[in-house]
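Novice: Have a look at this one.
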Amino acid sequence: MAEAPIGSIVAYAGPIDREEFEAANSGWMLCDGRRLNRNDPALAALFNAILFNWGGDGDARFNLPDLRGYFLRGVDVRWPEETKDPDNSRRTAIHPGGAGGASVGSEQNYATAAPTRTDTVQDTFRTRDSGTHGHFMDFQINATRDVGGTGNTVAHPAPSPTGRPSTEQSGAHSHIIEPESGNRETRPINAYVHWIIRVA
């Protein structure tokens, strides 16, 4: 089996003490974003592979990929109607001087898509309006109330049961879904690994 090309990133399934690991595994480094010197002959091939895509000063210093806590996603530069990443143009650099947009080395921040129904294009990321109701008013036909010494008669204007007046319809409302009601991020089920990169 051919060796992985320089710049290849692989998952490592064991715990890593960076100095011990890199001393024992010559040619591999932990993807922790550290800044390196492109003029170091031992790193020239790595710089030629990844350039400043993961950050750097644009001159003598470049960054390793910083993949701590990251899921990895394949670059997709296809047209908007074909791409699997509809926000690829909004991707940003992980470190200053790094790549943005639909380029290797760029990142995306958290996002949550609004769920959609299968039978309609209407989104459902909200509660339903509910609570609209009215009440029939049952007045006494002949009633007097002595209020402040004044006799008041309250009479039903239409004695038939079908003619009872109703209050105005009211109570329609919806509810905001507060961010605090959910988890701290949107994520698939996952497992931790160390990402390492071949540097020589």
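The values are calculated or read from the model by the stated rules, or taken from the named source; none is laboratory data. Remember, it's a predicted structure, so these values are computed and weren't measured experimentally. Quick reminder, even Gly has a Cβ in these numbers, built from the backbone with ideal geometry, and neighbours come from all protein chains shown.
Novice: Please verify whether the stretch 40-49 includes one or more residues that are surrounded by 12 or more Cβ atoms within 10 Å (Cβ to Cβ), at pLDDT 95 or above and under 17 Å from Trp195 (Cβ atoms).
Specialist: yes
Novice: Within the stretch 18-25, is there a residue that is among the basic types (Lys, Arg) and under 19 Å from Tyr192 (Cα atoms)? First the steps, then the outcome.
Specialist: Initial filter on the stretch 18-25 (among the basic types (Lys, Arg)): 18.
Right, trim to under 19 Å from Tyr192 (Cα atoms) and you get 18.
The answer is yes; a qualifying residue exists.
Novice: To continue, here is another question. Restricting to the stretch 43-95, name every residue that is in contact with a Gly (Cβ under 9 Å, 6 or more places away or on another chain), closer than 26 Å to Ile189 by Cα, of a type outside the set (A, V, I, L, M, F, W, C) and in a loop (DSSP other than H, G, I, E, B).
Specialist: Pro65, Arg68, Lys84, Asp85, Arg91
Novice: Is there any pair linking a residue in the stretch 1-21 that is without any contact (Cβ under 8 Å) to a residue 24 or more places away in the chain to one that is surrounded by 14 or more Cβ atoms within 10 Å (Cβ to Cβ), with Cβ under 6 Å and at least six apart or on different chains, and which?
Specialist: Arg18/Leu30
Novice: Right, here's the next one. With the condition kept exactly as written, say whether any residue in the stretch 54-70 is touching a Cys at 6+ places or on another chain (Cβ under 9 Å), closer than 15 Å to Glu107 by Cβ, of a type outside the set (Phe, Trp, Tyr) and loosely packed, with under 13 Cβ neighbours inside 10 Å.
Specialist: yes
Novice: Among the residues of the stretch 107-133 satisfying the criterion of being modelled with pLDDT of 90 or more and in a loop (DSSP other than H, G, I, E, B), which is nearest to the chain's Cα centre (by Cα)?
Specialist: Let us first name the residues in the stretch 107-133 that are modelled with pLDDT of 90 or more, namely 107-109.
Next, from what is left, pick out any that are in a loop (DSSP other than H, G, I, E, B): 108-109.
Values: Gln108: 9, Asn109: 7 Å.
Ranking the candidates gives Asn109 first.
Novice: Could I ask something else about it? Quick one: would you say Val104 is modelled with pLDDT of 95 or more, in a loop (DSSP other than H, G, I, E, B) and over 19 Å from Asp32 (Cα atoms)? Steps first, please.
Specialist: On the way: modelled with pLDDT of 95 or more: yes; in a loop (DSSP other than H, G, I, E, B): yes; over 19 Å from Asp32 (Cα atoms): no.
Here the answer is no, as Val104 does not meet what is asked.
Novice: Can you tell me which condition Ala13 does not meet? The list is (1) within 30 Å of Asn183 (Cβ to Cβ); (2) at pLDDT 95 or above; (3) of a type outside the set (D, E, K, R); (4) surrounded by 12 or more Cβ atoms within 10 Å (Cβ to Cβ), and all the others hold.
Specialist: (4)
Novice: Next question. What number of residues within the stretch 77-101 are at pLDDT 95 or above, more than 18 Å from the chain's Cα centre (by Cα) and surrounded by fewer than 14 Cβ atoms within 10 Å (Cβ to Cβ)?
Specialist: 1
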